Amino acid sequence: MSKDAVNTAVAATPEPAAQTPADAGDAGYSKDLKARHVNMIAIGGAIGTGLFLGAGGRLHSAGPALALAYLVCGVFAFFVVRALGELVLYRPSSGSFVSYAREFLGEKGAYVAGWMYFLNWSTTGIADITAIALYTHYWSLFTDIPQWLLALAALAVVLAVNLISVKIFGEMEFWFAIVKVATLVAFMLIGVFLLATRHEVGGTTPGLSVITDNGGLLPHGAMPVVLVMQGVIFAYAALELVGVAAGETAEPEKVVPRAVNSIMWRVGLFYCGSVLLLALLLPGSVYSGDESPFVTVLSKIGVPAAGDVMNLVVLTAAMSSLNSGLYSTGRILRSMATAGSAPKFTARMNRSQVPYGGILLTCAVCVLGVGLNYLVPSKAFEIVLNVASLGIISTWVIIMVCHLVFVRRARAGLLSRPGFRLPGSPVTEIATITFLLACLGLMADDPEVGRKTLLLVPLIAVALVAGWFAVRRRVNHTDDQDLAQATK
C-alpha cells in the first residue's frame, strides 16, 4: 500500500471520541457545582441514617463483627462507584447510569434503569419525610403537630431549595455533610479518649475485654452477620450521586477521581472505625434499634442533651437524603424524557436551569407518602424502605453490567478507556453483581418484611413491561444491530 493510501485510510478512520454519543438530556444545565460540593455530596452519600440510627440494632443482633460487614459491603460499594467514575470520565452526563445504559444496553436497559432508580428515590423520599416527622416529634414542642403535617412541611422546604438552583442544592448538601462529619469526628475523639483513659461507660470499662467477655466477635454466631449484610448494603445507597453531580461541574476529570477515591477511606474511617469504637465501649446487647448507638454511649457517660444533639444530626441526615433524591431523580427523568421513555413534562427546565418537571413528579409520589403517614403512621417507614431496597440493588447491578459492556467495547477497539479505571475487570464486576444479588436473596430469610418485599418483584416486572409497551412507539431506539455487533 502506498504512503498516500495509508494516510487516506488513517484520515478516514474515526477517532474513538467521535463515536461517543451525546445525551440530549444533558443540554441546558449550568456547571455551578464546585469541587467542594461534589466532594461533600460523596461524603453525604456515604454517611446517613444507616449509620447514625441503624447501627444500634445491627450491633445488637450481629455483635462486633458488624464492623467487618460494613467493610465488606463498603468494598463492593466502592467498586460500583469506581466503575461509575470511569464511565463519567469517558463521557460526563447528568443522566449518569441511565445515559450509559442507553449507550451500552439500548433503550430498554435505560428504561429499566431509570424507572427502578425512580422507584428507589421516590420511596426513599417517603421514608425520609416519615423519618423527619418522627425525629421532630422527639421534641415536646412538636408532639402535638400531626405526623403527616410535619412530613408535608419538610417536603415543601426541600422542594423549594431544589427548584431555586443547583448551586443552592450544592450548598445545602455541603453544610449537611459538614454537620454529619463534624458529629462523627467529635464522637470518635470522645471514644478514643474514653478508651485511652479507660473511663467507665455505664459501669463498663472500655477495651478489648468488652468484646472478649461478651461472646467475642460473633456472640450469636456467623449467620446474624451474614443476614445483616442485606441491611448494611442499603446504608451505602446514594454513593452513585457522584455520577449524577458530575454532569453539572465544570471539571469532572479533576473532581470525580478525587471524590471517588476518597470514598474508600471515608468508609473505613467513619463506618468501620465508629462501629469498632462502639463495640469497644459497650457490649452489643446494650445497643438497640430504637435509639442511636451514639446517644446510648453519650448518655451513659452523662453528656447533657446527647439525645437532642444526635436527634438533630439524624434529622439533618434525613433532610440530606430527601434533598439528594429530588436532585438526582430530576436529572435522571429528564434524560429519559428526551429519549421518550418518561413523561414529556419531566424534560422541562426553569430559568435557573433546574429540571423542575422530574422533581415535581418525585414530589407527587412523596405526597402519597404524606397520605401514608396519615393512614398508617406507625408502619409507613418500614413499608417504603424495603421497596426502596429493590431499586438500589437493581441500579448498582445495571451500573456494573454497563461497565462490563463498556470494557468489552474498549477491548474491541470501539472506544477508549480513560486512565481512571476500575481494577480487575471483568472479575470485579461479576463478583460485585453476585454479591448484590446474594444480598437480595437474603431478604427471603426475613419472614416479616423481606419475603413480602420479594413478592413485589413480579408485580414491578409486570408494571415495567406494561409501561414499556405504552411508551415504546415514541422511544428513540438505539440501533439494535449496531448494539449487537458492539457487544460480541
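Taken together, the values in this text are just the output of simple stated rules run on the coordinates, not laboratory data. Because the structure is a prediction, the values reported are computed rather than measured. Glycine gets a Cβ as well: all are built from the backbone with ideal geometry, and neighbour counts include every protein chain shown.
Going by average Cβ density within 10 Å per residue, which order do the peptides 87-97, 304-314 take, highest to lowest? The partial results should precede the final answer.
Numbers: 87-97: 25.2, 304-314: 17.9.
Result, highest mean Cβ count within 10 Å first: 87-97, 304-314.
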Residue ranges of DSSP H helices in the chain that stretch 18 Å or more (Cα, own long axis) and have mean Kyte-Doolittle hydropathy of at least -1.0 are 66-90, 107-136, 147-164, 166-197, 223-235, 252-266, 306-339, 356-375, 380-411, 427-441, 456-471
Read-out mean projected area of the Cα convex hull in nm², candidates [x] 27.4; [y] 25.2; [z] 20.1; calculated match is [y]
Sorting Gly413, Phe169, Gly289 by the position of each Cα along the dipole of the range 26-483 (Lys, Arg +1; Asp, Glu -1; all at Cβ), the one nearest the positive end of that ordering is Gly413
